[in-house]
Every structure is written in structure tokens, then in C-alpha cells.
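The values are calculated or read from the model by the stated rules, or taken from the named source; none is laboratory data. None of these values were measured; they are calculated from a predicted model. With ideal geometry, Cβ positions are generated from the backbone for all residues, glycine too; neighbour counts draw on all protein chains shown. Note: areas computed on protein heavy atoms with side chains; ligands, DNA, RNA excluded. Shrake-Rupley method; radii C 1.70, N 1.55, O 1.52, S 1.80 Å.
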Amino acid sequence: MRKVYGLIRKLGATSKYKGYYFVAEAVKLTMEYDEEPMKITKDIYPRLAKKFKSTPMNVEHDIRTVINVCWLANKETMEHIAGYPLNYKPTNSEFVDMLAYYLNQAE
């Protein structure tokens, strides 16, 4: 989990954003279940909402906020992590998948 938090911080988001924890947990779930496809709206948002006593809609919004922060603060690092130039800000599922894949490759 430490690596996930470190990567999110490297992108420019800190723990002052609720979405920081949501992104970290979503990446962790994605890495744990890498053999089976996980749907972000049906699988991840509801689990995180239950764990953090929130709603799936709030989870989605807070993750999007973190992506916006990272996009504005450190687009170059996001492109490095993605492995290709980003012509648009990644969606929530693209962002989570991108981080999970990067961390899996680093191991």
C-alpha cells in the first residue's frame, strides 16, 4: 500500500483529498483481482462506498477530483506512468488501471 500512496503523491495529490484513499484502495483491489476483470461502477465504487461509509457517487466524484489535481500538477509523470502521451485526461477506470499496471510492472 505504501507504494500506491507514494505513486499518488508523486503525481501531486495528497491525503487532504478524500479521493486519495479511494484511488489507493481501487488500485489495490485492481492489483489483487488482476486475473478477473473488475468493473469500476459495479464492483469498485460500491465496495469503497461501503468501506468508507460513503456513496458510490461520492467515491466516483472524489476519484475524479484526484485525477484533476494530478492532471494539472503533473501531466508529464502521468504520461510516464501511462507509457504513452496522454491527449486527454484519463477516466477514473483508465487512471486506476494505469496505476495498477505501472505498480505491477515495477515489482
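Residues that are on the phi > 0 side of the Ramachandran plot and out of contact with any Asp or Glu (no Cβ under 6 Å at 6 or more places or on another chain): does the range 32-55 have at least one?
Yes - at least one qualifying residue is present in the range 32-55.
For the range 87-107, which residues satisfy the criterion of being of a type in the set (A, V, I, L, M, F, W, C) and crowded, with 17+ Cβ neighbours inside 10 Å?
Phe95, Val96, Met98, Leu99, Ala100, Leu103
Could you tell me which residue of the range 32-53 is farthest from the chain's Cα centre (by Cα), considering only residues that are crowded, with 17+ Cβ neighbours inside 10 Å and within 16 Å of Glu94 (Cβ to Cβ)?
Among those residues, the one meeting the criterion is Met38.
Are there any pairs, at least 6 apart or on different chains, whose C-beta atoms fall under 9 Å, with the first in the range 54-80 and open to solvent by less than 70 Å² (accessible area, probe 1.4 Å) and the second hydroxyl-bearing (Ser, Thr, Tyr) and outside any helix (DSSP H, G or I), and if so, which?
Asp62/Tyr17; Asp62/Ser54; Thr65/Tyr17; Val66/Tyr17; Ile67/Thr91; Val69/Thr14; Val69/Tyr17
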